[in-house]
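Take a look at the structure set out below.
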Number of protein chains: 2
Amino acid sequence: MSDDQDLIQGYDPRTGEPAGAPLPATPAGDVDRLVAAAEAAFPAWQAFDRATALDAIAAALDEHVDELVALADRETALGVPRLSGEVARTTGQLRLFSELLRDGSYQDTVVEHAEGARPDLRRVNRPLGPVAVFAASNFPFAFSVAGGDTASALAAGCPVIVKAHEAHPRTSLRTAELTREALRGAGAPDGVFDIVFGFTAGVHLVKHPGITGVGFTGSTRGGLALAKLCAERPTPIPFYGELGSVNPVFVLPGAVAQRSAEIASGYAGSLTLGSGQFCTNPGIMFVPEDAALLSAIAEAVSGTVGTPMLAERIHSGLVAGLEEMAAVPGVRLLAEGKPGEGPWAPTPAVYAVSAEDFRAHAERLREEHFGPVGIVVTYQPGNDSEPSHLLKLGSVGEGHLTSTIHLDADDDADVAAARDLLPQLERIAGRIVFNGWPTGVAVTHAQHHGGPFPATTAPAHTSVGAAAIRRWLVPVVYQDAPAALLPEPLRDSEGTKK
Amino acid sequence: MSDDQDLIQGYDPRTGEPAGAPLPATPAGDVDRLVAAAEAAFPAWQAFDRATALDAIAAALDEHVDELVALADRETALGVPRLSGEVARTTGQLRLFSELLRDGSYQDTVVEHAEGARPDLRRVNRPLGPVAVFAASNFPFAFSVAGGDTASALAAGCPVIVKAHEAHPRTSLRTAELTREALRGAGAPDGVFDIVFGFTAGVHLVKHPGITGVGFTGSTRGGLALAKLCAERPTPIPFYGELGSVNPVFVLPGAVAQRSAEIASGYAGSLTLGSGQFCTNPGIMFVPEDAALLSAIAEAVSGTVGTPMLAERIHSGLVAGLEEMAAVPGVRLLAEGKPGEGPWAPTPAVYAVSAEDFRAHAERLREEHFGPVGIVVTYQPGNDSEPSHLLKLGSVGEGHLTSTIHLDADDDADVAAARDLLPQLERIAGRIVFNGWPTGVAVTHAQHHGGPFPATTAPAHTSVGAAAIRRWLVPVVYQDAPAALLPEPLRDSEGTKK
């Protein structure tokens with residue numbers, strides 16, 4: 001979240017200059033009007049053919065992909081290939097939810113006929129009501145205006161009001177226009193989707209009595225502030241926040257023996273992708289003390305080149321955080337990439353520290369640094385500097401979106417070490433990656449993008465994949481309802497579960 | 001929650017005299033020791049045959065039913081038939097969860113093999129960790145030491161520490177002893193279940209870093225205080241609170257024409273059951289202005305007899321609340337039952353008010369009165385005093401565990417009126433009862449005992465029925481895991497979902 005302001009100005013990260021004319025922040029009265037419209041649209045949206053409407057949004061975004069990518073590239077400098085891919089991911093998400101709606105399983109219906117003293121009970125999921133979605137800086141499409149939170153909430157039957165991210169206002173506005181037009185074209189009720197701009201509008205939205213839930217992807221500080229607002233309302237509402245994650249990676253000795261060059265290059269690639277601006281960026285990597293591996297990592301990192309970050313604030317935050325990290329006793333610079341061009345392009349960097357020094361300063365060293373920067377912790381296999389021991393001490397922190405193990409699956413010692421790690425990793429991360437890298441989150445039915453606090457504020461929920469719809473649903477059970485009054489999915493003609 | 005005290009003294013509600021010797025409150029050091037033991041037991045409990053252990057607890061409670069009922073009757077005065085039934089319900093709950101464990105569906109596994117660029121992803125539910133359960137006053141067995149929260153959390157794989165309710169310390173202690181012994185006899189790891197006594201011990205438990213979630217059934221005030229503690233921890237944890245509910249009942253004109261005497265007697269019975277100490281007590285009933293119905297209600301209520309409440313504090317709270325309600329303009333006493341015996345036995349009472357006066361003073365009149373007391377709101381069918389209109393005005397409040405409709409299912413006007421009510425009732429209540437009464441909650445797979453705030457603090461979750469286990473589970477997804485490292489339910493030999 002940024003400071004309050006009347007005008008929302010996007011910037012070109014390649015130059016630091018304004019990108020396009022500023023947009024006005026949304027006044028409180030307009031927010032009230034949008035929430036009232038969302039509330040009015042709610043009954044009709046519950047009854048609407050939402051699958052068709054989601055498909056229409058996807059089609060509209062696909063049709064305008066070049067225009068959207070050009071707008072976003074100017075405001076984010078993430079580049080045309082990545083942004084084109086992100087639009088495809090976004091429309092893929094919308095279509096995943098339209099499939100889910102047609103399949104119907106998201107309603108989680110359970111029908112139990114009366115038996116003895118037990119009444120007839122039939123349970124079905126219902127949408128919460130109008131919800132607020134806070135867009136993320138680092139995904140101008142997939143976690144923004146028509147991104148996963150919006151798609152899953154609309155699919156659930158919840159009208160959505162998005163709070164645009166200040167890093168890409170023009171992209172947000174255009175995406176919102178296309179989304180609104182597509183919904184209107186599909187015959188959806190007016191008011192089922194809209195957008196607001198500015199910090200004050202966002203706070204007003206979260207406190208509005210008509211809002212019944214909030215989705216958020218962003219910083220721990222901003223997320224905690226919004227979580228507090230949600231909890232302190234006269235009627236508290238669920239807050240689904242995805243905050244910070246350091247995504248520890250554990251490289252086991254067999255993997256080093258098998259493929260140290262591949263690990264080094266994979267790490268450098270994952271660490272610097274998108275200027276390191278991913279919630280799944282591999283911030284801490286534990287490796288055996290091995291000169292060849294460290295030198296391979298140093299070489300791979302030296303070959304990377306900095307690219308502009310999304311905002312001046314993000315760049316300056318990274319620089320300040322790195323100064324703090326470099327000042328921790330025992331931390332040394334292992335390698336740097338080449339400086340990027342423009343005012344907000346950091347130099348990729350990897351630091352190294354021994355497991356002993358890491359343990360002594362773990363609280364400072366496991367801070368998230370949002371950017372192309374990581375720390376490599378070297379351990380001695382077979383003694384108490386081993387990752388499983390560090391984990392038992394809690395030094396890796398309590399909550400991450402992901403954790404990664406690199407092992408040689410044919411090496412008995414690696415497999416045994418992984419077995420020792422797994423029960424602990426299951427407690428601190430929502431996804432465990434083997435022999436890969438945490439960046440890149442498949443949007444599927446099995447996916448879980450979540451984790452214990454601070455990774456998320458609601459660890460049972462995911463913000464990526466089909467199960468993301470569950471955040472916006474609550475069950476209702478009908479007891480002994482006359483057939484004529486049963487919702488359609490609960491009627492006896494439908495398939496019953498259990 | 002009561003004030004802090006070093007000794008926990010139970011009382012006989014029939015006399016107001018102490019029941020048995022007091023028990024010492026649990027010192028903070030002992031709480032720490034129990035949490036450490038729960039944490040140590042967690043890995044072994046995850047791997048344990050928990051179904052057999054739950055069955056062993058159920059068998060032990062059944063075997064000691066007479067002793068338990070005698071203890072509880074002395075401390076609660078709820079009577080032998082009700083308490084015997086409640087032990088059976090409690091052991092039935094334990095067995096429901098052992099069945100669920102054997103069936104395995106609670107793990108919600110989703111297996112997706114790699115396809116194109118998509119990795120192999122396999123998701124499974126995992127237990128949160130050690131949890132705290134706050135026992136309720138009004139269900140000394142079913143919502144207490146070995147009640148639904150404990151059974152569902154143990155089933156999930158979470159060690160449990162119960163905070164006993166002060167209204168029945170001796171019953172709690174004996175139930176805990178039997179539970180511990182049964183677990184030990186089944187070979188469960190030490191520390192997987194224990195109990196603490198006293199307000200201070202409960203607060204210490206909730207703030208303890210080793211506790212990963214809290215279940216609570218009780219007052220709105222107490223629940224909100226604990227919810228705040230959970231949210232303000234350095235690592236916030238989920239708080240599943242069931243707080244207050246007024247459970248509105250809507251009687252439609254056709255139902256009155258069809259069976260007004262049955263409605264009157266059913267209402268009086270539901271209202272006064274267990275001295276009205278149920279979270280599903282029908283606190284507000286909307287009826288057509290009909291002299292015969294009102295007179296039938298008055299007659300039915302006059303035939304009821306007061307019974308002792310669980311605690312002096314509960315009784316005095318009810319008396320104070322009724323004085324406030326009776327002072328609201330337009331509210332009149334419709335009928336009273338016969339006074340009960342003993343110092344804590346209230347006189348059942350029903351008040352009446354017109355829909356107009358209700359609307360004018362709705363905030364005061366929809367307060368929950370925990371006891372055998374209700375208010376009947378009379379409306380004129382066909383004008384804006386109708387329930388659906390009152391609901392649109394929000395005057396019935398935002399969150400209830402249940403809502404009830406009485407209608408003649410063959411009466412077109414009733415069916416139409418119910419259709420108008422239902423979309424609104426789905427938003428304010430987790431269970432919609434037709435032509436019955438909200439007290440009595442079947443423990444089944446379809447059941448949902450939850451609702452919007454203040455009914456619960458987590459409206460997507462239930463505290464009764466098989467789905468209650470979901471509160472204690474979080475998903476973990478394995479990405480590209482070697483077969484040897486996959487958890488057993490995710491291996492290819494197992495059935496796959498999706």
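The values are calculated or read from the model by the stated rules, or taken from the named source; none is laboratory data. All of these numbers come straight from a predicted model, not from anything done at the bench. With ideal geometry, Cβ positions are generated from the backbone for all residues, glycine too; neighbour counts draw on all protein chains shown.
Worth pointing out:
- Answer residue from segment B:280-307, given it is within 21 Å of B:Arg366 (Cα to Cα) and assigned to a loop (DSSP other than H, G, I, E, B) and is farthest from the chain's Cα centre (by Cα) among those: B:Glu289
- When we screen B:Glu386, B:Glu368 for residues that are modelled with pLDDT under 95, more than 23 Å from B:Glu289 (Cβ to Cβ) and more than 8 Å from chain A (Cβ to nearest Cβ), the only hit is B:Glu368.
- Residue match in segment B:232-254 (condition: in contact with a Pro (Cβ under 6 Å, 6 or more places away or on another chain), small (Gly, Ala, Ser) and more than 30 Å from B:Asn435 (Cβ to Cβ)): no
- Flag for A:Pro236 being at pLDDT below 95, under 26 Å from the mean Cα position of the chain (by Cα) and in a loop (DSSP other than H, G, I, E, B): yes
- Residue, surrounded by the fewest Cβ atoms within 10 Å (Cβ to Cβ), within segment B:154-171, restricted to residues that are part of a helix (DSSP H, G or I) and more than 14 Å from every other protein chain (Cβ to nearest Cβ): B:Arg170
- Scanning segment A:399-422 for residues that are surrounded by fewer than 17 Cβ atoms within 10 Å (Cβ to Cβ) and of a type outside the set (A, V, I, L, M) returns A:Asp410, A:Asp412, A:Arg419, A:Asp420.
- Among residues of segment A:358-417, those that are polar (S, T, N, Q), touching a strand residue (DSSP E or B) at 6+ places or on another chain (Cβ under 6 Å) and closer than 30 Å to A:Ser463 by Cα, counted: 3
- Applying a threshold of 8 Å to beta carbon distances and a minimum spacing of six or more residues, or different chains, the list of pairs starting in segment A:127-145 at a residue that is touching a residue at least 24 places away in the same chain (Cβ under 8 Å) and ending at one that is of a type in the set (Lys, Arg) reads A:Gly129/B:Arg427; A:Ala132/A:Lys163; A:Val133/A:Lys163; A:Phe134/A:Lys163; A:Ala135/A:Lys163; A:Phe141/A:Arg89; A:Ala142/A:Arg89.
- Note on segment B:452-491: residues that are on the phi > 0 side of the Ramachandran plot and surrounded by 23 or more Cβ atoms within 10 Å (Cβ to Cβ) amount to 1.
- Number of the exception - B:Leu310 against (1) assigned to a loop (DSSP other than H, G, I, E, B); (2) at pLDDT below 95: (2)
- Condition check for B:Arg470: more than 9 Å from chain A (Cβ to nearest Cβ) and among the basic types (Lys, Arg): no
- Flag for B:Ala429 being at pLDDT 95 or above and either surrounded by fewer than 20 Cβ atoms within 10 Å (Cβ to Cβ) or over 29 Å from B:Val124 (Cα atoms) (or both): yes
- Residues that are part of a loop (DSSP other than H, G, I, E, B) and of a type outside the set (Gly, Ala, Ser) were ranked within segment B:172-194; the one that is nearest to the chain's Cα centre (by Cα) is B:Val192.
- Members of segment B:110-132 that are out of contact with any Lys or Arg (no Cβ under 7 Å at 6 or more places or on another chain) and in a strand (DSSP E or B): B:Glu115, B:Arg118, B:Leu121, B:Arg122, B:Arg123, B:Val124, B:Asn125, B:Arg126, B:Pro127, B:Val131
- Boolean, A:Glu367 is charged (D, E, K, R) and either touching a helix residue (DSSP H, G or I) at 6+ places or on another chain (Cβ under 8 Å) or over 23 Å from A:Gly218 (Cβ atoms) (or both): yes
- Within segment B:405-419, the set of residues being in contact with a Leu (Cβ under 9 Å, 6 or more places away or on another chain) and within 19 Å of B:Val287 (Cβ to Cβ) comprises B:Ile405, B:His406, B:Leu407, B:Asp408, B:Ala409, B:Asp411, B:Ala413, B:Asp414, B:Val415, B:Ala417, B:Ala418.
- Candidates are the residues of segment A:389-399 that are assigned to a loop (DSSP other than H, G, I, E, B) and in contact (Cβ under 8 Å) with a residue 60 or more places away in the chain; the one that is farthest from the other protein chains (Cβ to nearest Cβ) is A:Val396.
- Counted residues, segment A:77-109 - those being of a type in the set (Ser, Thr, Tyr) and more than 20 Å from the chain's Cα centre (by Cα): 4
- Count - residues of segment B:473-485 that are free of Cβ contacts under 8 Å to residues at least 12 places away in the same chain and within 7 Å of chain A (Cβ to nearest Cβ): 3
- Set side by side, the residues A:Gly116, A:Gly187, A:Gly129 differ, and just one is surrounded by fewer than 24 Cβ atoms within 10 Å (Cβ to Cβ), at pLDDT below 95 and out of contact with any Leu (no Cβ under 8 Å at 6 or more places or on another chain), which is A:Gly116.
- Counted residues, segment A:3-53 - those being over 30 Å from A:Gly185 (Cβ atoms) and out of contact with any helix residue (DSSP H, G or I) (no Cβ under 6 Å at 6 or more places or on another chain): 12
- Condition met for B:Gln107 (crowded, with 16+ Cβ neighbours inside 10 Å and modelled with pLDDT of 95 or more): yes
- Single unsatisfied condition, A:Ala418 versus (1) in contact (Cβ under 8 Å) with a residue 60 or more places away in the chain; (2) closer than 25 Å to A:Leu271 by Cα; (3) in contact with a Phe, Trp or Tyr (Cβ under 7 Å, 6 or more places away or on another chain): (3)
- Reported count of residues in segment A:400-425, each being within 9 Å of chain B (Cβ to nearest Cβ) and closer than 29 Å to A:Asp103 by Cβ, is 1.
- B:Ala151 vs. criteria in the same structural domain as B:Leu486 (by TED's automatic domain parsing), in a helix (DSSP H, G or I), under 30 Å from A:Leu401 (Cα atoms) and under 19 Å from the mean Cα position of the chain (by Cα): yes
- Failed item, numbered, when B:Val214 is tested on (1) closer than 18 Å to B:Ser137 by Cβ; (2) within 12 Å of another protein chain (Cβ to nearest Cβ); (3) buried (at least 24 other Cβ atoms within 10 Å of the Cβ); (4) not small (Gly, Ala, Ser): (2)
- Looking at segment B:13-76, the helices (runs of 4 or more DSSP H) lying wholly inside it that each contain 1 or more residues that are over 26 Å from the mean Cα position of the chain (by Cα) sit at B:28-47.
- Cβ-Cβ contacts under 9 Å between residues 6 or more apart (or on different chains), taken from a first residue in segment B:435-459 that is within 8 Å of chain A (Cβ to nearest Cβ) to a second residue that is in a loop (DSSP other than H, G, I, E, B) and of a type in the set (Phe, Trp, Tyr), are listed as B:Pro459/B:Phe453.
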